[in-house]
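Step one of this worksheet: look at the structure below.
Since every read-out is calculated from the coordinates, none of them should be taken as a lab result. Remember, it's a predicted structure, so these values are computed and weren't measured experimentally. Every residue, glycine among them, receives a Cβ derived from its backbone with ideal geometry; neighbour counts consider all protein chains shown.
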Amino acid sequence: MHQILHWARAVGFVTLAFLYSLAITVVIVLAPIGLAAALSRFVSRKAQAPGSDAPRLRGLMKRMARQTLLLAPAKTSTVTKLGGDPELPPGHAWPEGVKGPRAFLAQIDLNEVRDAEGPDWLPEEGLLYAFYDEWRAGFPDEVAIIFSHEAPGPPLAPPEALPPKWRFAERRTKFLSFQSTPSLDWLGIDPAEVDLNEQELDELADAPDEPFGDELQHRIGGYPSEIQGTEMRLECEYLARGLTPGQEEPSPAILRASRSWRLLLQIDTDPGLGMTWGDGGRLYVFVREAHAKRGDFSRTVTISQCD
């Protein structure tokens, strides 16, 4: 009996040792596999973890969206048009630039803007006439705006001194409503100070242009579609004060005042009209909201950009 018990204990010890050895082997063999799988899951969760600022910035851009009116070709007769001859009220002379007559860009019927539910900071009626002077590039009055409550007159032929290249073809236009979003530049957000990868940065940079597809962007209101990375609202404030943009950090007063600028008119490069601003550039005319509401367009600021 004693020998049987001794044999049983021996068998049990051997079995226990075998099972322990087997367990150690399983751990040694399978642990790396489990560790690799766990590490893979961790990396995957890390890649998907909230850390990027892209969703927050997209949400901010969406919340701050403003309506804009696209000037699209019209099949019916309209007062609003690009190019051609201005229909200035009788008694209004063709405006002069630094070295001769200015080039006529556009006339905008604010009644038509109101009917299209355009910006509420524009007068409900009247006409705007935009004239360009290449010799004032870089100055606030590169584009001069004439505002009149009078009815338009007959087309006024350009002065003989106006070079042919500044006589643009005519296109009557209608208004199409879109939502425009501010760029990171307009919001004053430095991409270097936010968490964005290259793809996210490209997507956010393209967002202001997305609603318009391949359409030429002649527009009223909303946010500008910048070509270059500059803070246009700050640039407007500096130019309006006779200061050089970017020379120094903006003061709190300049930052506050810069928020009052609104996009009055954006004129795109348009081969069909013969309008070319540098290498595929655009003209941007801004006005303070308070000035526009009271019909004062004598202190607009123009910024031109090209590739």
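For the stretch 236-307, just say rounded, prolate or oblate: build the C-alpha gyration tensor, square-root its eigenvalues into a ≥ b ≥ c, call rounded for a/c under 1.5, and beyond that prolate if a/b exceeds b/c, oblate if not.
oblate
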(Q) Please list the three semi-axes, largest first and in whole Å, of the ellipsoid equivalent to the stretch 55-305, using sqrt of 5 times the eigenvalues of its alpha carbon gyration tensor. (A) 30, 20, 18
Q) Which residues' amide hydrogens lie under 5 Å from the amide hydrogen of residue 126, considering only partners 5 or more residues apart or on another chain, with H built in the peptide plane? A) 110, 111
Q. At a Förster distance of 41 Å, what's the computed FRET efficiency of residue 74 paired with residue 197, Cβ-Cβ distance as r, to 0.05?
A. 0.45
(Q) Test of understanding: what is the full-extension gain from residue 67 to residue 259, defined as 0.36 nm times their sequence separation minus their Cα-Cα distance? (A) 67.4 nm
Q. Quick one: if you stick a label point 7 Å off each Cα along the C-beta vector at residue 147 and residue 243, how many nm between them?
A. 2.5
Q | Surrounding net charge for residue 127, when Lys and Arg each add one and Asp and Glu each subtract one, Cβ distance under 13 Å | A | -4
Q | Set of the stretch 215-247 residues, backbone N closer than 18 Å to the point 7 Å along the Cα-Cβ line of residue 165 | A | none
Q) Which whole-number percent gives the relative contact order of the stretch 159-307, counting Cα pairs below 8 Å spaced six or more residues apart? A) 23
Q: Determine the sum of side-chain charges near residue 136: Lys and Arg each +1, Asp and Glu each -1, restricted to other residues whose C-beta is under 13 angstrom from that of residue 136.
A: -3
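Calculate, for residue 210 and residue 99, the FRET efficiency according to 1/(1 + (r/R0)^6) with r their C-beta to C-beta distance and R0 30 Å; round to the nearest 0.05.
0.15
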Q.
7 Å from Cα along Cα→Cβ at both residue 251 and residue 137: what's the point-to-point distance in nm?
A. 3.2
Q. To the nearest Å, what is the center-to-center distance of the stretch 244-307 and the stretch 54-80, using C-alpha atoms only?
A. 17
